[in-house]
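Please treat every number below as a calculation from the coordinates, not as lab data. Quick caveat, the model's predicted, so the values are computed rather than measured. Cβ sites come from the backbone with ideal geometry, for glycine too, and all protein chains shown count toward neighbours.
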Amino acid sequence: MAELKVNINGNEFKNPVIVSSGVFGYGREYEEFVDLSKLGGVATKGTTLYRRDGNPGKRIVEVPSGLLFSVGLQNPGIDYYIENELPNLLSKGTNVLSNIAGSDIDEYVAIVEKLEETDAPIIELNISCPNTSGAPLGTSCAGTEKITSIIRKMTKKTLIVKLSPNVGDIAEIALAAEAAGADAVSLINSIHAMKIELGSRRPFFHNNVGAYSGEAIFPIALRMVWETASKVKIPVLGIGGVTNGEEALQMMVAGATCVEMGCAIFRDPYAPLKIIEQMNEWLDNNGVKDINEIIGSVKPW
Amino acid sequence: MRYVQGKYPLLAKNNIARGIYEMNILAPDLAALAVPGQFVHIALAGHSLRRPISICRIDEAHGVIKIVFALKGQGTRDLADVPVNSTLDIMGPMGNGFTLLEPGRKVILIGGGIGVPPMVGLSDYYREYATAISGFRDASIKILQDEFEKNGSRTILCTDDGSAGIHGFVTQPLEELLSSDGHYDCVYACGPMPMLKVISGICGKYDTLCQVSLEQHMGCGIGACLVCAVNIRRDGEEHFLHVCKDGPVFDSREVVW
Ligand SMILES: Cc1cc2nc3c(=O)[nH]c(=O)nc-3n(C[C@H](O)[C@H](O)[C@H](O)COP(=O)(O)OP(=O)(O)OC[C@H]3O[C@@H](n4cnc5c(N)ncnc54)[C@H](O)[C@@H]3O)c2cc1C
Ligand SMILES: Cc1cc2nc3c(=O)[nH]c(=O)nc-3n(C[C@H](O)[C@H](O)[C@H](O)COP(=O)(O)O)c2cc1C
Ligand code: FES
């Protein structure tokens, strides 16, 4: 049994596997299958200031090696989260990443003011939601720096900024977040994508475009994690298309301290636990005693 | 546990009509939990998303569930290709079943096309007190009428093109039954949305309780990912509730059509 513990900004993770935001709600449903205390962490559904009903029409469809989705941040609002979900999650013996989203800076500020009053240890600042209207703040360095520095000044909690892949150079955006005081960056959020129904000529989603997640995006995410981790000094959390332990380890070799896994859980509700086992098995078979040894151990040509 | 996930043996598979298959699956723990109207979520090799399929019949004594499905795209084609005696990766039973009245109440079961299968589980329960109205595009895709008849349920068959039974839609016999003197305590319906909408309107007119089973594209199947939204009016407000967790069965008066 290799040592699987990792650390981000003083928060100890018993293993690097976190279930990523949006696929897991606030943890209650999948608890039927997964003992949350076995997970490194849980990132909650992106939560806004007020309740949001999300997008009308169909919200998910399978595409080759993955899926497209367009939820539009349906959530019950931050007050509901703080009152009804956060205390429950905090009692589960895992790290809770409170994922928050806003449509402008004022909304983020109002959410963080409320979260600041709670014991939530970690904020995952989603500045990259692909499924709401308007360009997310996280698509420019200036926008990223502005929102990150404003939130940084408001909170002593660990601040992870979640980045969009829908940009020219993600490492530059990560540097902007770092300069503005982020404790870590997580990447990638889903990739803008589209499907059209030929018969009706209508885009599949009411929002016209959706977001691509799943196996297909793993190689893209891995490349972005590597590029980012080789530029920033703060920890990186790798996300995107991870379905097994070896892929999770590739993310870590590329420089990720933790790995978030998202939609693979739809196929296999036990996937997060299996990934942890598979990582451990690989480490044991390859004589690695401590997983921290492999973080960023990539040997580029 | 409300649901289970595992690999369950496929006992039998039959092509029962053009492009429609039935499968019997040995799943004792799942069968023991299931009630009519719930569904299973099936994983297939090479597919990122599971496929939701209604439970057609539950044979708790033998630990067997039956599903009936139509070929639609690659997922259902791959499902139909799964060989007998191999296993299927199934999660279930998912969702809330139909609300059952006490046995002996008179009910109407309406299935449109591939919406017919979940009605069989209700016929197993209400038996001769059920009238099953089934509608198909044409006679080549007519399914499950024997099952209703063996239960003693009355069957009324409709086809859009008149190639079998009544030439017309299921809503015509429904209106006749409800306007006749025989009192019905509940109408259960599953099928295409436009059909359900008209049924809901007719039941409203005769002040008869109506439970509809809805479909939506799904991810998790358990209420976590919020992708299977349907617009429901509850407590005077419209909400996007979720077919997998809050449904698939809804009171037709709540559905914002
Ligand atoms: C609660 C519920 C019960 C169902 N019961 C049955 C049943 O008993 N028998 C039966 O034949 N079919 C049933 N369906 C529909 C069945 O799930 C779809 O026909 C099937 O998912 C199509 O997959 P595909 O890959 O063959 O088709 P494709 O059209 O290629 O599928 C592409 C994607 O869209 C999704 N999708 C397409 N149509 C539907 C649909 N109508 N509902 C949900 N997702 C869809 C698929 O799951 C897949 O992710 C049910 C659906 C729901 C939601
Ligand atoms: C249905 C669904 C909903 C999501 N909702 C959110 C969200 O609310 N906030 C967020 O930051 N990311 C959200 N994501 C993105 C995931 O957290 C993750 O970044 C992305 O799916 C890539 O990882 P994966 O390929 O492992 O799923 C969502 C993803 C899916 C599939
Ligand atoms: S499919 Fe995930 S909430 Fe219904």
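Restricting to Cα pairs below 8 Å that are 6+ residues apart, what does the relative contact order work out to for chain A? Please round to a whole percent.
Answer for chain A is 20 percent.
For region B:25-143, the square roots a ≥ b ≥ c of the C-alpha gyration tensor eigenvalues yield an a/c of 1.5 or more together with a/b not exceeding b/c, which makes the shape oblate. Each label was represented as a point 7 Å from its Cα along the Cα-to-Cβ direction; for B:Trp257 and B:Glu149 these points are 3.2 nm apart.
Based only on other Cβ atoms within 10 Å, what is the fewest-to-most ordering of B:Ile55, A:Ile294?
Starting with the residue having the fewest Cβ neighbours, the order is A:Ile294, B:Ile55.
Over region A:149-225, what is the mean sequence separation of C-alpha contacts under 8 Å (at least six apart), divided by residue count, expressed as relative contact order in percent? Write down the numbers at each step before the final one.
On the way: 92 pairs, mean separation 21.7, N = 77.
With pairs under 8 Å counted, the relative contact order is 28 percent.
Would you kindly give the portion of the calculated P(r) for region B:216-257 that falls above 16 Å, as a percent of all Cα pairs? Everything past 16 Å amounts to 28 percent. Calculation over all alpha carbon pairs of region A:209-281 in 5 angstrom steps from 0 returns a P(r) of 4, 18, 27, 24, 16, 8, 3, 0 percent. Give me the Debye-computed log₁₀ of I(q)/I(0) at q = 0.09 Å⁻¹ for chain B, equal point scatterers on Cα only, no solvent, two decimals. For chain B, the Cα-only Debye profile gives -0.37.
Its residue count N fixes a reference of 2.2 N^0.38 Å for region A:1-92, and the Cα radius of gyration divided by that reference is 1.26. In whole angstrom, region A:161-301 maps to an equivalent ellipsoid with semi-axes of 29, 21, 11, each derived as √(5λ) from the alpha carbon gyration tensor and ordered largest first. With the biggest extent put first, the Cα atoms of chain A measure 54, 48, 42 Å across the principal axes.
For region B:164-213, how big is Rg over Rh, using alpha carbon atoms and the Kirkwood form of Rh? Answer for region B:164-213: 0.95.
The residues A:Thr155, A:Thr257, when put in order of fewest to most other Cβ atoms within 10 Å, stand as A:Thr155, A:Thr257.
Cβ crowding within 10 Å ranks A:Trp226, A:Trp301 as A:Trp301, A:Trp226, fewest other Cβ atoms first.
Would you work out the Kirkwood radius for the protein assembly as shown? I mean one over the mean of 1/r across all pairs of different Cα atoms, in Å. Result for the protein assembly as shown, one decimal place: 25.0 Å.
For chain B, the relative contact order works out to 17 percent when only alpha carbon pairs closer than 8 Å and six or more residues apart are counted.
One equal scatterer on each Cα of region A:119-229, no solvent, Debye formula: the resulting log10 I(q)/I(0) at q = 0.21 Å⁻¹ is -1.09.
For region A:35-134, the percent of C-alpha pairs falling in each 10 Å distance bin, counted from 0 to the bin holding the largest distance, reads 14, 43, 32, 11, 0. What the Cα atoms of region B:98-215 give is an Rg and a Dmax of 12.7, 37 Å.
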